[in-house]
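Notes follow once the structure below has been shown.
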Amino acid sequence: MLSTPLGDIIILIDNKAISYNAIPVNRDKTCMDIHGRYKIVIDFIPDGQEHQIKCLIDGYENIDDDFVETGDNLELKSFVKNNIKLSIGMEGDSGYFSDGTRISDYYDYDNDYFDNGVSYQILKNTQTNKYVFGIAWIVDQRPDNEVQTWYGADPSIM
């Protein structure tokens, strides 16, 4: 289990906790000041049914602030408490047009956000079988370094 300054990270598939490996990722020039950077890779073979793979901060209660910070092929939520910023990222491009068609024609799943984490939403037609969560935190969050968790938690550049 990965312990962070904001709480332990838990992974749930269809609301059942699973064991996982948190793989340390080295800092790079985009995130030199962060204190933790990890990726969690979940292998899941779709079965034609809808499923949900959640990455949550166990016991986290929003004290200060939390916000969604998306990017190109990135769905990410950040959590701030007592000058600590933690970001959890996923690959994706969620959303739908007004006619009900999906925005992404590359990703075959959706993403969702919760008060204490994020999730991959497996659809009936999903074929993807590998899901990566990026997690990064910084203990002394300031305006000059707050974007570093955004880069650090982006699975596409890990």
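Read the figures in this text as sums done on the coordinates, not as results from a lab. Keep in mind that this is a model prediction, so the values were computed, not measured. As a convention, Cβ positions derive from the backbone with ideal geometry for all residues, glycine included, and neighbour counts pool all protein chains shown.
Around the Cα centre of segment 2-157, unit charges on the Cβ atoms of Lys, Arg, Asp and Glu (plus for the first two, minus for the last two) sum to a dipole of about 480 debye. Per-residue 3J(HN,Hα) values for segment 36-42, derived from phi via the Karplus relation 6.51 cos²θ - 1.76 cosθ + 1.60 with θ = phi - 60°, read x, 8, 9, 10, 10, 9, 10 Hz in sequence order (x marks Gly and Pro).
Across segment 109-118, computed HN-Hα scalar couplings (Karplus, 6.51 cos²θ - 1.76 cosθ + 1.60, θ = phi - 60°) run 9, 10, 10, 9, 10, 10, 4, 10, x, 9 Hz from first to last residue, x flagging Gly and Pro. Straight-line cross-link reach from Lys85 at under 18 Å between alpha-carbon atoms covers these lysines, not counting any fewer than eight positions away in the same chain: Lys39, Lys77. Of all aspartates and glutamates in the structure, those lying under 18 Å Cα to Cα from Lys81, and not within fewer than 8 positions of it along the same chain, are Asp8, Asp33, Asp58, Glu61, Asp64, Asp65, Asp66, Glu69, Asp115, Asp140, Asp144, Glu146. A cut-off under 9 angstrom between Cβ atoms defines the neighbours of Val68, and their net charge, with Lys, Arg +1 and Asp, Glu -1, is -2.
Straightening the chain between Asn125 and Val68 buys 17.9 nm, computed as 0.36 nm per residue apart minus the Cα-Cα spacing.
Summing -39500 (n - 2.57) over the DSSP H runs of n ≥ 4 in the chain and dividing by its residue number, what mean residue ellipticity at 222 nm do you reach, to the nearest 500 deg cm²/dmol? Let's see the in-between values first.
On the way: 1 runs with 5 residues, N = 158.
About -500 deg cm²/dmol.
In the set (i) 7.9; (ii) 10.8; (iii) 9.3, the label that goes with mean projected area of the Cα convex hull in nm² computed for this structure is (iii).
Treating r as the C-beta distance of Asp140 and Gln52 and R0 as 35 Å, the FRET efficiency rounds to 0.55. Projecting the Cα atoms of Ser94, Phe67, Val25 onto the charge dipole of the chain (Cβ charges, centred on the Cα centre) puts Val25 farthest toward the positive pole.
Under the combined filter of DSSP loop state and at most 14 neighbouring Cβ atoms within 10 Å, segment 67-129 retains these trypsin sites (Lys or Arg not before Pro): Lys124. Evaluating 6.51 cos²θ - 1.76 cosθ + 1.60 at θ = phi - 60° for every residue in segment 51-59, the Karplus couplings come out as 9, 9, 10, 9, 10, 10, 8, 4, x Hz, glycine and proline recorded as x.
Near the amide H of Asp8, within less than 5 Å, lie the amide hydrogens of Asp58, all on another chain or at least 5 residues away, with H placed in the peptide plane.
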